[in-house]
Amino acid sequence: MKTEQDERISQATSFVKDLLAAAELDLEFRCDAEEQGMIVRLYGQDAGMVLSNGARLLYAINHILNRAFYEPGTEAFNVLVDCNDYRSRRTEELEGLARKAAEGVKESSEPYLFDPMPASERRVVHITLAEEPGVMTESEGSGLERRVAIFPAG
């Protein structure tokens, strides 16, 4: 018997197939169950297009899928879309950048502003520096211009 999660994954798999076909993207994909949702792994000829321009298309696909499968009043079902392991590489890059920027803020006592980034990337910076002594982070701006600022603590 299919669980609710199995049914959602089946629906999402069909949705991804139709979405990629409608967008005429030459991509293959695999959907895997996660604890509270699923991960969609994209790969193939058009992976470069998905990851170009700061991976905007990757984040757009992710946003569409989460909106399509959000059901108020039901258990959380999160969809994460990745392409060629971009997310894990980007997380490592952001953690390193956050630590380096924090050191600069401590040395100079001047705030540091990151370029605008998606919420998932801002979250990585906030989490990376949450326990870092001598600095604090906050997001500022709105929409596509939202960014993380690192300030000296106190």
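The values are calculated or read from the model by the stated rules, or taken from the named source; none is laboratory data. Only a predicted model underlies this, so the values are computations on that prediction, with no experimental measurement involved. With ideal geometry, Cβ positions are generated from the backbone for all residues, glycine too; neighbour counts draw on all protein chains shown. These accessible areas exclude ligands, DNA and RNA; they are computed on the full protein's heavy atoms, side chains included. Shrake-Rupley method; radii C 1.70, N 1.55, O 1.52, S 1.80 Å.
Observations
- Extension gain from E93 to N66, taking 0.36 nm per residue of separation minus the Cα-Cα distance: 7.2 nm
- Normalised contact order of the chain, rounded percent, pairs of Cα under 8 Å and 6 or more residues apart: 17
- For the pair T13 and S139 in one chain, pulling the backbone fully straight at 0.36 nm per residue adds 42.0 nm over the alpha carbon distance.
- With θ taken as phi - 60° and the Karplus curve 6.51 cos²θ - 1.76 cosθ + 1.60 applied, the whole-hertz 3J(HN,Hα) list for segment 56-67 is 4, 5, 4, 5, 5, 4, 4, 4, 4, 5, 5, 5 Hz, x standing for glycine and proline.
- Calculated accessible area for the chain comes out at 62 Å² per residue, all protein chains present (probe 1.4 Å; ligands, DNA, RNA ignored).
- M49 paired with A76, simple spin-label distance in nm, labels 7 Å along Cα-to-beta-carbon: 3.3
- For the chain, the calculated P(r) over all alpha carbon pairs, in 10 Å bins from 0 to the bin holding the longest distance, is 10, 34, 29, 19, 7, 1, 0 percent.
- With Cα atoms defining each centre, segment 72-132 and segment 1-62 are spaced 22 Å apart in the structure.
- Among beta bridges from DSSP that stay inside segment 31-154, the antiparallel ones total about 65%.
- Of the residues F151, F77, the one with the largest accessible area comes first in the ranking F151, F77, computed with a 1.4 Å probe on protein heavy atoms.
- Förster radius 25 Å - calculated FRET efficiency between K100 and R56, Cβ distance, rounded to 0.05: 0.55
- One decimal place: the segment A21-D6 gains 3.1 nm when fully extended, by the rule 0.36 nm per residue minus the C-alpha distance.
- Here the scattering of segment 1-50 is modelled by Debye summation over its C-alpha atoms, one equal scatterer each and no solvent; at q = 0.26 Å⁻¹ the log10 of I(q)/I(0) is -0.97.
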